[in-house]
Amino acid sequence: MQFRCLIRGGIAVGRLYHEDRVVFGPALVKAYELESTIAHYPRIVISEAAAQTLGEHPLIFRDNDGFGCLNYVRAACDESVHGLNPSDWLVRKRQWIADLQGHCRRQAERLRRVENIRGAQNWQWLGGRVEFLVGKPEPGGAVLSARM
């Protein structure tokens, strides 16, 4: 989120050959398939095998369509508030969410003006999911968050 760009990907486990600049194998093909046919929006989809290997993890959640995803948005937010005392943490997290939602809204509007509808939809999707992905900050420091 620091670079304010969208990412989409797939994570798979399995056989993979990697040496210098050569990479191939069934795990790479599966990750590519997840990214190109399932992800659709700026999210990182995790194969069922990878989700089972990782088990319960605070940065993995099951999205509305049932696919497991890596919550890179929450990881970025958590990094931005790491080490702050609880009162500063809550203020900073609320500001981080508002900043990202505003950035998403501006990017979507900019892309609509140049008729890049798919790009605008991606930014709009992310902006509408920020509180779900990060966890809505509540008074008293509690956070309601998305988990698998």
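Do we have residue 68 as more than 21 Å from residue 124 (Cβ to Cβ), in contact (Cβ under 8 Å) with a residue 60 or more places away in the chain, buried (at least 18 other Cβ atoms within 10 Å of the Cβ) and not β-branched (Val, Ile, Thr) here? Yes; evaluated as a whole, the condition is true for this residue. Is it true that residue 12 is closer than 24 Å to residue 74 by Cα and either in contact with a strand residue (DSSP E or B) (Cβ under 9 Å, 6 or more places away or on another chain) or exposed (fewer than 13 other Cβ atoms within 10 Å of the Cβ) (or both)? Yes; evaluated as a whole, the condition is true for this residue.
Every residue, every condition in (1) at negative phi; (2) touching a residue at least 40 places away in the same chain (Cβ under 8 Å), yes or no:
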position	(1), (2)
50	yes, no
75	yes, no
79	yes, no
84	yes, no
90	yes, yes
99	yes, no
112	yes, no
115	no, no
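Looking only at region 88-107, residues that are among the aliphatic types (A, V, I, L, M), in contact with a Gly (Cβ under 8 Å, 6 or more places away or on another chain) and either at pLDDT below 90 or exposed (fewer than 14 other Cβ atoms within 10 Å of the Cβ) (or both) come to 1 in all.
The values are calculated or read from the model by the stated rules, or taken from the named source; none is laboratory data. On a predicted model such as this, the values are computed, not experimentally measured, just so you know. A quick note on method: Cβ atoms are made from the backbone with ideal geometry, for glycine too, and the neighbour counts reach across all protein chains shown.
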